[in-house]
Amino acid sequence: MGWGDGVVVSESVEFGMLGSLLVRVDGESRPIGSALQRSVLAALLLKANQVVPAEALVALVWEDSPPEAPRQALNNHIMRLRKALGPSAAERIRTQAPGHLIEVRPGELDAEAFAALYRRARSAAADQDWRAAGEDLRDALALWRGEALLDVPSQRLRQDHLEALEALRFQALQLQVDSDLHLGRFTEATGRLHPLRAAHPWHERLVAQLIIALYGSGEQTEALAAYRAFRDQLADELGVEPGRDLHQLQQAVLQQDPAARLLPLLTGEPSAGPASALTVAAPALAVPVDAAAVAAPVPPSGVVGEAAPPGDPNAGAEAGLPRRTARGRLRSAPRLVRTGLWAGLACCVAAAVAASLGLAPGGADAPAAGPVNHAATLRTATSATMAAPDGHVRYLGRIGFDDQILTTTGIDVPVVSRTHRGDVVLVSLTLTATSAGTVSVKDSAGNTYTMVGDVVDAYWHRTMLFAAFDAKQLDTVDRISASYPQASKYHLAADVFSGVTGVTGQAGASNLNGHNSTSFSTSAAPLSCAVGDLLVSVISTNSGPAPQFSADWQALPVLTLSSYRQTTAFRFVAEPQKCAATGTTTAQWEALAVLFHR
């Protein structure tokens, strides 16, 4: 039996995580009374059909307080879990070096059934079959019995996995509203939107949906009031205007256009809202989940913080720059960037939050502010003794995904800043709780990327650096993509340097959970640096403060997802020495340093 099939087949097994943890055998629930056994089962289900190393299970179940004999304790809980599940379900849990796995067949896990129905609904919506989309979404959302992993006590499991599950649910709810609107069910859409708006007050697409739903219900005054309330909220809290699409929607309501003509103004895919900071197209994903990043590419039309439309009396003094409040500052911007509130925000407030991120301001030759991403080019200060004056870095794109239970093996990132032919493109990639296998990077211009640095710890958290030397020019129509084994989370950052001709060597280190060192260093294998060499470091951390590098390092925009961060930094060598990446951070880190010559 599969979730939603409506029939019971002998010896059927169902697993549920969209709510409290649930196991049903032949339609009968099997209670799992032990909190630790629920954590073990959840950890296995989140990596269904994959071997989870015993060390990783111990860290997930006991977190920072493992027992004296962790492997024996784990085996005991596995044995008790099998007994609680009964013979039919117990045989699914197998011991296989270097750990354990649970066999889950197609249709047996509610989260997988939800994802499959959501994929089918997206496909139907793309074909404008809104009735079929609505039916699939109804069935998909009915699988939710409350907050995912509700009774799983492991904070690490919940921290690592809950956000992606809830983000997918939020996207499905938005698409359900889209279906209602296209089918003329405006009253139903309004009823669904009120709780969503209360939970996600900064989400602009929800405001657009609410305006259309109210207007379609014959409530023109309320629709215009919803626009004004959101505009005032943005102005008061951030000093920015609603996006161009929302402004056009307001004008259409004022002109009393038919409701059906407003629907094309509802642009873009449903997005993950407060858990995200940019929206990207990722066709390689089984189900795209919107990204969480501090620095975002150029926002699509209609994202919060876009320049006000021509003629808007509230437009800022400079096109593309956020309008300031009467107090002359962006009141909440640093807080919002830390939590990654919505699509494209960092693009438009980059100048205001640069200080809070520790970024150097643009130099005299940096591009002028305008409709292009204000953070797309970072002209960095370099050592006065550097061999050549042209060393610089521009960030091409940053993205972080949280997609734990889905079988995702690829990511696709838009390029947001043009490169020059002959530059070197560096791609920093972090995979959390991945598995062994090939990792590769490519781009739409046909450049060849070589892995020049790789560090992995016992929990299969992996941090890598790829380089494309003497690269072909990349433009904003291009994309960079990576493929890899399934991962819990993944962060990708792309940067471009000029004047770099080759790689000299790499050094790496990691600090596993349970160790208390908050200093990171790759000095165990120091690299021999020459004057003018470029040293690039990628630090992946979990929880705690962001890395602070030793002197002369310049950190690029940090990627943050849940408690995980990827920080890329660089420095040009000022004098011959043994080089290493050193600094302080949380006690959970992986550090990679790669030396390039120029």
Which whole-Hz couplings ³J(HN,Hα) result when phi for each residue of the stretch 115-120 is put into the Karplus expression 6.51 cos²θ - 1.76 cosθ + 1.60, θ = phi - 60°, listed in order with x for Gly and Pro? 4, 5, 5, 5, 4, 5
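Could you put Asp178, Asp127 in order, starting from the residue whose Cβ has the fewest other Cβ atoms within 10 Å?
Values: Asp178 24, Asp127 10.
Neighbour counts put them in this order, fewest first: Asp127, Asp178.
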How far apart, in nm, are the 7 Å Cα→Cβ label points at Ala436 and Gln256? 7.2 nm
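For Ala126 and Gln548 in the same chain, what is the full-extension length gain: residue separation times 0.36 nm, less their Cα-Cα distance, in nm?
On the way: separation 422, 0.36 × 422 = 151.92 nm, distance 4.55 nm.
Additional length available on full extension: 147.4 nm.
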Note down the relative contact order for the stretch 13-89 as a percent, whole number, built from C-alpha pairs under 8 angstrom at least six residues apart. 32 percent
Projected onto the charge dipole of the stretch 91-205 (+1 at Lys/Arg Cβ, -1 at Asp/Glu Cβ, origin at the Cα centre), which of Leu165, Pro106, Leu117 gives the Cα projection farthest towards the positive end? Leu165
Contour minus Cα-Cα span, Lys578 to Ser88, at 0.36 nm per residue, comes to 170.5 nm
Here, His194 and Asp232, labelled 7 Å along Cα→Cβ, have an inter-label distance in nm of 2.0 nm
Can you compute the modelled spin-label distance between Lys472 and Arg138, with each label point 7 Å from Cα toward Cβ, in nm? 5.0 nm
To make sure I understand, if each residue's beta carbon is the centre and we count other beta carbons within 10 Å, what order do His420, His100, His77 fall in, fewest to most? His420, His77, His100
By counting other Cβ atoms within 10 Å of each Cβ, how are His182, His203, His597, His194 ranked from fewest to most? His194, His597, His182, His203
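Just add up the charged neighbours of Gly508: K/R +1, D/E -1, any other residue whose Cβ is under 12 Å from the Cβ of Gly508. List each step's numbers first, then the result.
On the way: positive: Arg462; negative: Asp454, Asp457, Glu590.
Overall, the nearby charge balance is -2.
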Computed ³J(HN,Hα) along the stretch 191-207: with the Karplus parameters 6.51/-1.76/1.60, θ = phi - 60°, integer Hz and x for glycine or proline, the list is x, 6, 6, 4, x, 5, 5, 5, 7, 10, x, 9, 8, 5, 5, 5, 5
Say the dipole of the stretch 1-137 comes from +1 at the beta carbon of Lys and Arg and -1 at that of Asp and Glu; which of Leu36, Asn76, Phe15 then lies farthest toward its positive end? Asn76
Along the stretch 17-31, what does the Karplus equation 6.51 cos²θ - 1.76 cosθ + 1.60 (θ = phi - 60°) give for ³J(HN,Hα), rounded to whole Hz, x for Gly and Pro? 10, 8, x, 5, 5, 9, 10, 10, 10, 6, x, 9, 5, 10, x
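Under a point-charge model restricted to the Cβ atoms of Lys and Arg (+1) and Asp and Glu (-1), what is the dipole moment magnitude of the stretch 1-156 relative to its Cα centre, in debye to the nearest 20? Before the final figure, lay out each step's value.
Numbers: 18 positive and 21 negative charges, 61 e Å.
So the dipole magnitude of the stretch 1-156 works out to roughly 300 debye.
So if each residue of separation counts as 0.36 nm, and I subtract the Cα-Cα distance between Thr518 and Asn49, what length gain in nm does that give? Each step should come with its number before you reach the end.
Numbers: separation 469, 0.36 × 469 = 168.84 nm, distance 3.49 nm.
Answer, rounded to one decimal: 165.4 nm.
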Could you calculate the FRET efficiency of Ser498 with Asp64 from 1/(1 + (r/R0)^6), where r is the beta carbon distance between them and R0 is 45 Å, rounded to 0.05? 0.50
Run the dipole for the stretch 488-598 about the Cα centre, Lys and Arg Cβ at +1, Asp and Glu Cβ at -1, nothing else charged, and hand back the magnitude in debye, nearest 20. 140 debye
What number comes out for the charge environment of Lys442, summing +1 per Lys or Arg and -1 per Asp or Glu over other residues with Cβ under 15 Å away? -1
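Values in this text are rule-based calculations from the coordinates and carry no lab data. Bear in mind that the values here come from a model prediction, so they are computed numbers and not experimental data. No Cβ is skipped: glycine too gets one built from the backbone with ideal geometry, and neighbour counts run over all protein chains shown.
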